[in-house]
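What follows is calculated from the coordinates using simple rules that are stated; it is not laboratory data. Model, not experiment: these values are computed from the prediction. So basically every Cβ, Gly included, is an ideal-geometry build from the backbone, and we count neighbours across all protein chains shown.
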Amino acid sequence: MSHWTVSFSVLTIIAGIFGFGVIDNGAESIAQLFFFIFLILTIITIIIGRITISH
């Protein structure tokens with residue numbers, strides 16, 4: 001499960017870099033959307049990982 005968390009964290013950072021200043025306006029909104037999607041997926045995988053570890 002930690003592999004998924006690391007993957008989503010890296011994708012969140014990359015989408016954040018592109019979404020908040022590096023690329024053009026049209027692609028910027030898509031990158032910002034991906035940033036929030038990957039951020040949510042990162043949080044979900046962290047929660048699921050903690051639940052499965054504690055049981």
> Among 10-18, 27-35, how do they line up from the highest to the lowest mean number of other beta-carbon atoms within 10 Å?
Replying inline: 10-18, 27-35
> Contour minus end-to-end for I47 and S7, with contour as 0.36 nm per residue of separation and end-to-end as the Cα-Cα distance?
Replying inline: 12.9 nm
